[in-house]
1. Pairs only if they're at least six apart or on different chains, beta carbon under 7 angstrom, first in the range 232-254 and aromatic (Phe, Trp, Tyr), second surrounded by 17 or more Cβ atoms within 10 Å (Cβ to Cβ) and in a helix (DSSP H, G or I); list them, first residue then second.
2. Name the residues in the range 1-50 that are more than 27 Å from ARG110 (Cβ to Cβ) and in a loop (DSSP other than H, G, I, E, B), would you?
3. Checking the structure you have, find out if any residue of the range 213-223 is farther than 24 Å from LYS6 by Cβ, part of a helix (DSSP H, G or I), among the hydrophobic types (A, V, I, L, M, F, W, C) and in contact with an Asp or Glu (Cβ under 8 Å, 6 or more places away or on another chain).
4. Looking only at residues that are assigned to a strand (DSSP E or B) and either of a type in the set (Ser, Thr, Tyr) or within 16 Å of GLU130 (Cα to Cα) (or both) in the range 146-160, which one is farthest from the chain's Cα centre (by Cα)?
5. Quick one: in the range 69-89, which of the residues that are in contact (Cβ under 8 Å) with a residue 12 or more places away in the chain and over 19 Å from the mean Cα position of the chain (by Cα) is nearest to ASP37 (Cα to Cα)?
6. Kindly state which helices (runs of 4 or more DSSP H) lie completely within the range 229-318 and contain at least 1 residues that are polar (S, T, N, Q) and at pLDDT 95 or above.
7. Regarding the range 60-76, can at least one residue be identified that is out of contact with any Asp or Glu (no Cβ under 7 Å at 6 or more places or on another chain) and on the phi > 0 side of the Ramachandran plot?
8. Which numbered condition trips up VAL163, out of (1) outside any loop (DSSP other than H, G, I, E, B); (2) modelled with pLDDT of 95 or more?
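The values are calculated or read from the model by the stated rules, or taken from the named source; none is laboratory data. Model, not experiment: these values are computed from the prediction. Counting neighbours? That spans all protein chains shown, and the Cβs are built from the backbone with ideal geometry, glycine included.
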Amino acid sequence: MKFGLKINSQFPVGAGAVQGTRDIVEQVRIAREVGFDSVWVSQHFLAKPYQALQTWPLLGRLVGESGDMTIGSSIFLLTLSNPAYAAEQAATMDVMTGGRFVFGVGLGYREEEFEAFGVDYATRGSRFEECLDVAIRLWTEDEVTHDGRHFRLTNASLLLKPVQKPHPPIWMAASGDPAVRRAARYGFAWLINPHASLGNITRQMELYRATLAERGREPPPDFPIFKELSVADTHEAAVETARPYLEKKYRSYAQWGLDRPMGEGESLSAPFEELLKDRFIVGTPQECSEEIERYRDALGVNHLVLRLQWPGMPQADVLREIELIGEKVIPMWRKENA
């Protein structure tokens, strides 16, 4: 099992974003020192009620702190981009990291973001796929001519090729069944979301594996899952540390409509106690390790991307959790793998 740190790059209005950025750098440095394998930065635009740092500048700042950790976008809103921009940015990150970059991409779900970028929300599926297809061609071909529904290129050449061949690993985030099938059709890793119940994502994992088989695709090497986690010396302390910030964050997700594609019976407007069940990993190091084992056994996941901080949470709490995972959780899994 690999362990990744999902950066919280959002801050409450009024909070100092400059200090918040310095805190992120410190988190990555300590995560590297205590044995985390990867670090991840997500993306949103106009993220009211939060200030949000953007993906590519922040990833670039973190390269120097990451050592030999994998660095990834989790996720980049590919639908709001275009192939040339996406391909150039990802190639640049792969070069800057010496081939340690993972290109995590997603469809997007907030209609205000689509409106702001002048992108028709109804066409997001076809635009996402066309953008990805052309970006892959730019990485792997010397010259690309394309006349499609959404994009047009004539004799376009991307000379800055990625270090990894044929291109950086691609992870596709997915909440709804069509997006899960899309990841399998491409044969790319499905980045499992943190907000659906274990029962729902277990069903979707069966769908993902079945679609891989139908398309004659070999399972990818990475089976990642993104989870919210709070760890402390006691279960009660872990809940108390996370609740004020995690509960507020999920109220924002519910207002943004994140649960729309999740399927019947899945709602992020549920009480916090209900969301704790089969969604979040909260407890002592031993309890957290047991929950991780449960997800591994149910889903076959092998890369755990953990978010330990939510907007407004004090830096001291975050660092304590990073260190506790490094001291008491990761060693359990290193010992098992040995």
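1. What qualifies is TYR250/LEU275.
2. MET1, GLY35, PHE36, ASP37
3. Of all residues in the range 213-223, those farther than 24 Å from LYS6 by Cβ come to 213-218.
Then drop every residue that is not part of a helix (DSSP H, G or I), which leaves 213-214.
Subsequent filtering for residues that are among the hydrophobic types (A, V, I, L, M, F, W, C) retains 213.
From the residues that got through so far, the ones that are in contact with an Asp or Glu (Cβ under 8 Å, 6 or more places away or on another chain) too are none.
No; the residues of the range 213-223 include none that is farther than 24 Å from LYS6 by Cβ, part of a helix (DSSP H, G or I), among the hydrophobic types (A, V, I, L, M, F, W, C) and in contact with an Asp or Glu (Cβ under 8 Å, 6 or more places away or on another chain).
4. Among them, the one singled out is THR154.
5. As a first pass, look at the range 69-89 and keep what is in contact (Cβ under 8 Å) with a residue 12 or more places away in the chain: 69-84, 86-89.
Now restrict to residues that are over 19 Å from the mean Cα position of the chain (by Cα): 82-84, 88.
Numbers: ASN82: 30, PRO83: 29, ALA84: 29, GLU88: 25 Å.
Among those residues, the one meeting the criterion is GLU88.
6. Details: elements: 235-256, 272-276, 285-299.
Where helices (runs of 4 or more DSSP H) fall fully within the range 229-318 and carry at least 1 residues being polar (S, T, N, Q) and at pLDDT 95 or above, they are 285-299.
7. Initially, the range 60-76 is screened for residues out of contact with any Asp or Glu (no Cβ under 7 Å at 6 or more places or on another chain), giving 60-68, 71-76.
If we keep only those that are on the phi > 0 side of the Ramachandran plot too, we end up with 67.
Yes, the range 60-76 contains a residue that is out of contact with any Asp or Glu (no Cβ under 7 Å at 6 or more places or on another chain) and on the phi > 0 side of the Ramachandran plot.
8. VAL163 satisfies all of (1) outside any loop (DSSP other than H, G, I, E, B); (2) modelled with pLDDT of 95 or more except (1).
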